[in-house]
Amino acid sequence: WAEKNSLSSIKDLIQQSIEGLQLLDLLGRSTKTLNLRITIQNLMPEIQKELCEMTFKRLATTQEGTMIARTVIEKHLELLTKLNVAGETGGDFGVSSFSQELLTMCPKFFNEDNKMIFEAEDLLTNSLALASQADR
């Protein structure tokens with residue numbers, strides 16, 4: 001029984017580490033206008049400090065790490081929405097495709113509910129921007 005629990009714990013640790021690495025990979029993919037550095041610079045100073053002091057182990061395996069990761073994801077998607085509205089991103093680099101990648105690769109940090117919320121916010125923001133342009 002103890003061996004089974006130990007193997008299960010190792011499997012969980014490996015899965016958490018993989019998701020943490022995949023999250024860093026997704027956030028690290030740069031465009032000319034958005035990358036991880038820009039996302040971090042747009043976080044509140046106390047979150048920046050926590051993130052800079054956080055080890056990968058804490059990021060991948062603790063509740064605190066999950067909360068920080070979700071804050072970074074939220075800010076990244078917020079910035080991505082703003083760039084999309086401004087027409088500064090190209091191709092399929094949008095909230096929907098990025099959310100789908102997060103959902104597929106990092107379910108510990110991003111779930112279906114998160115995806116629906118961010119896609120809805122993106123659609124609403126884009127609709128408001130179009131309506132504003134039409135009013136001018």
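The values are calculated or read from the model by the stated rules, or taken from the named source; none is laboratory data. Remember, it's a predicted structure, so these values are computed and weren't measured experimentally. Positions of Cβ are backbone-derived with ideal geometry, glycine not excepted, and every protein chain shown enters the neighbour counts. Areas reflect the complete protein model, heavy atoms only, side chains present, ligands, DNA and RNA absent. Shrake-Rupley method; radii C 1.70, N 1.55, O 1.52, S 1.80 Å.
Quick notes on this structure:
- If you check GLU46, GLU64, GLU50, GLU19 for being farther than 26 Å from SER97 by Cα, of a type outside the set (A, V, I, L, M) and surrounded by 14 or more Cβ atoms within 10 Å (Cβ to Cβ), only one passes: GLU50.
- Sole exception among (1) without any contact (Cβ under 8 Å) to a residue 12 or more places away in the chain; (2) within 12 Å of the chain's Cα centre (by Cα) for LYS49, by number: (2)
- Residue match in segment 111-118 (condition: closer than 26 Å to SER9 by Cα and either charged (D, E, K, R) or touching a helix residue (DSSP H, G or I) at 6+ places or on another chain (Cβ under 9 Å) (or both)): yes
- Residues of segment 34-43 that are open to solvent by 50 Å² or more (accessible area, probe 1.4 Å) and closer than 16 Å to THR81 by Cβ: ASN42 alone.
- First in segment 98-125 and open to solvent by 60 Å² or more (accessible area, probe 1.4 Å), second anywhere and modelled with pLDDT under 90 and not hydrophobic (A, V, I, L, M, F, W, C), Cβ under 7 Å, 6 or more apart: GLU121/THR81
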